[in-house]
1. If a residue counts only when it is in contact with a Leu (Cβ under 6 Å, 6 or more places away or on another chain) and closer than 19 Å to Ile16 by Cβ, which strands (runs of 3 or more DSSP E) contained entirely in segment 48-89 have at least 3 such residues?
2. Scan segment 348-356 and tell me whether some residue there is within 28 Å of Ile310 (Cβ to Cβ), modelled with pLDDT under 60, part of a loop (DSSP other than H, G, I, E, B) and not charged (D, E, K, R).
3. Six or more apart or on different chains, Cβ under 6 Å: which pairs go from a residue in segment 126-141 that's at negative phi to one that's part of a loop (DSSP other than H, G, I, E, B) and of a type in the set (Ser, Thr, Tyr)? Could you list them?
4. Scan segment 39-61 residue by residue and report those that are over 19 Å from Ile139 (Cα atoms) and buried (at least 21 other Cβ atoms within 10 Å of the Cβ).
5. Only residues that are modelled with pLDDT under 70 and surrounded by fewer than 17 Cβ atoms within 10 Å (Cβ to Cβ): list them for segment 293-329, please.
6. Within segment 392-411, take every residue that is modelled with pLDDT under 80 and not in a strand (DSSP E or B) and give me the one that is farthest from Asn373 (Cα to Cα).
7. Sort out for me the strands (runs of 3 or more DSSP E) sitting completely within segment 150-267 that have 1 or more residues that are touching a helix residue (DSSP H, G or I) at 6+ places or on another chain (Cβ under 8 Å), at pLDDT 80 or above and surrounded by fewer than 24 Cβ atoms within 10 Å (Cβ to Cβ).
Amino acid sequence: MSLTKVRFSMIKDGVINIVDYGADPTGATDSTAAIQNAINAANAAGGGTVFIPNGTFNTNAWIYLKSNVTIEGTGSGSKVISSDNRCFFAFRDNAPDASTPFTNIQIKNIYCESAYDAGSPTPTGSQPCIELEFTDNSIIDSVEIGKADDACILISGYRKGIVSKTESLTNPDYGFAKNNIVKNCIVSGGYLGIELIGGAQCNVVNNTILDATLHGIRNASGGWNSACIGNTVVDCGGIGIYMDYTKNLRVIGNYALSTRASGPASIQWGGVQDCVISNNIGIGNIGDNLLFSGARTDYPERISVIGNNIDGEFNLLYSTDIFLTNNFQKGTQTAFIANAVSGVIANNLFGDATVFSLSDLTSIGGDLYAHGNTSSTSDFRPVENQFKIIGASNVAPSSGTFTVGDIVFNTAPAAGGTIGWVCVTAGTPGTWKTFGTIAV
């Protein structure tokens, strides 16, 4: 049988079986050329499905993906095992031209793995097990990856040639990699689990990521209008879900567990804008401070953190215009909120060791309003910097330092009583007087 010419009998109902092209399901011989020729034939026919039956198909080089071709197996019994660092690759240099991305690639219901360097995942050479580079409108669904030297799955628009992090926040057309989905996959043993770099509208949904050397899910340098929904991330060496230099990202309903001493963070963000982190369960810290060292001016802006359940620290040292509400923080972990924070912090239940550090609160022009939060720490003092609203209590403050005009609302208003207390003399705690008589 020729492996370079396509016979009509080899393509049935748009499906090409790689065994018909000489692929060896026993793994005794190399199947790289057979799988590549099957993909080429499907693409030449205008599109189709390349079927990988049950078996172990060993490969020793990259297999290049092409537009309008679906790679589909029967599940974990359809194994593609690469002795190279990369298994499947939609490579930009193989695209029809420099401005036309690949499109409509699907990989479904297979198991694959690629080789480690020296037996341990490293980012050497940037060679993920599966990479869709310069690719639009494509799907990776129900794929299982056993090991990878870099990311298990990478969707990349980064190599367009724009490398400015600032541009990734200002240019919605940054990168080439749009309208792609990674869903229902199980990946383990990679340097990174699932990584999105550049592009837009790329969603990561209902995946399980285990034992990544660094981060479980990473969205960075682009990724506009994308979503990370319903994923489970367990035991990563770095951060469970990590976001940096992206915009309009939704991180909703994920479970992130980090038990390694070297990887305490469940969810962290850096220079992001207009993002929502909602209804996640995190075992490990959440916030922005673990990403930063030294001076930065690209602070996160307009971040909504809503309804999360966290067994770890809330660390909000840099985010401006943050909306932090209805979150539950378990146990004795610290909620540390300081420096350039502005926005609203309301109706949260914080842990026993809650700390609001107000140093440098206005260093970047921020204003913080906090109200209705609870904590067992007696000196918990939500603070609003511009409107002077300190919080709410059934008594005037007896400790802490305040300025004239600071206000505490009464949590037990009654007819003939007062609305609250106002500081009339600055000091520790200063002089407080009631205000706002309530009619009988």
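The values are calculated or read from the model by the stated rules, or taken from the named source; none is laboratory data. Keep in mind it's a predicted model, so treat the numbers as computed, not measured. Neighbour counts are summed over all protein chains in view; Cβ atoms, including those assigned to glycine, are modelled from backbone coordinates with ideal geometry.
1. Working: elements: 48-52, 55-59, 69-73, 78-82.
Those strands (runs of 3 or more DSSP E) do not exist here; none qualify.
2. yes
3. From segment 126-141, the pairs are Cys129/Ser114; Leu132/Ser138.
4. Ala41, Phe57, Thr59
5. Ser293, Gly294, Ala295, Arg296, Thr297, Asp298
6. Val404
7. On the way: elements: 151-156, 181-183, 186-188, 192-197, 203-205, 208-210, 217-222, 227-229, 232-234, 239-246, 250-252, 255-257.
Passing ranges, in order: 239-246.
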